[in-house]
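Colleague: One structure, as structure tokens, below. Some questions next.
The values are calculated or read from the model by the stated rules, or taken from the named source; none is laboratory data. Nothing here was measured: the structure is a model prediction, and the numbers come from that model. Methodologically, a virtual Cβ is constructed for each residue, glycine included, from the backbone with ideal geometry; neighbour enumeration extends over all protein chains shown.
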């Protein structure tokens, strides 16, 4: 049996497991914030869930606001194009036209 616990990662408990409900409950507890925090406290080690929870701010993407320069790519025929979106935001892209 596949069960989804947040995000898109499926965790599998075999359909023929002796204690399928227990396996699903174990996953639910271990992958919860409370379960990860309790595990971390007891064994003095971070779980993936606790580590992601505690470090989530550092995992955010902060794009550079400076406009990238084509540089030597322009000599190869690469050009800059602006793709308009439905909400009026132009997306900057580079294009290499077919030769």
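Colleague: I need the full set of residues from region 46-75 which are surrounded by 10 or more Cβ atoms within 10 Å (Cβ to Cβ) and more than 25 Å from residue 14 (Cα to Cα), in order please.
Modeller: Of everything in region 46-75, those that are surrounded by 10 or more Cβ atoms within 10 Å (Cβ to Cβ) and more than 25 Å from residue 14 (Cα to Cα) turn out to be 46, 50, 51, 52, 53, 54, 55, 68, 70, 73, 74.
Colleague: Please determine, by comparing only the residues of region 32-70 that are modelled with pLDDT under 80 and outside any helix (DSSP H, G or I), which one is farthest from residue 93 (Cα to Cα).
Modeller: Across region 32-70, the extreme among qualifying residues is 44.
Colleague: Also, I was wondering about something else. Would you be able to tell me the number of residues in region 74-95 that are farther than 20 Å from residue 64 by Cα and out of contact with any strand residue (DSSP E or B) (no Cβ under 8 Å at 6 or more places or on another chain)?
Modeller: 7
Colleague: Could you give every pair whose Cβ atoms fall below 7 Å, whose first residue belongs to region 86-99 and is exposed (fewer than 10 other Cβ atoms within 10 Å of the Cβ), and whose second residue is at pLDDT 90 or above and assigned to a loop (DSSP other than H, G, I, E, B), counting only separations of at least 6 or pairs across chains?
Modeller: Listed by first residue and then by second, the contacts come to 91/85; 97/77.
Colleague: Identify, please: which residue in region 1-31 is more than 17 Å from residue 52 (Cα to Cα), assigned to a loop (DSSP other than H, G, I, E, B) and touching a helix residue (DSSP H, G or I) at 6+ places or on another chain (Cβ under 8 Å) and is, among those, modelled with the highest pLDDT?
Modeller: 17
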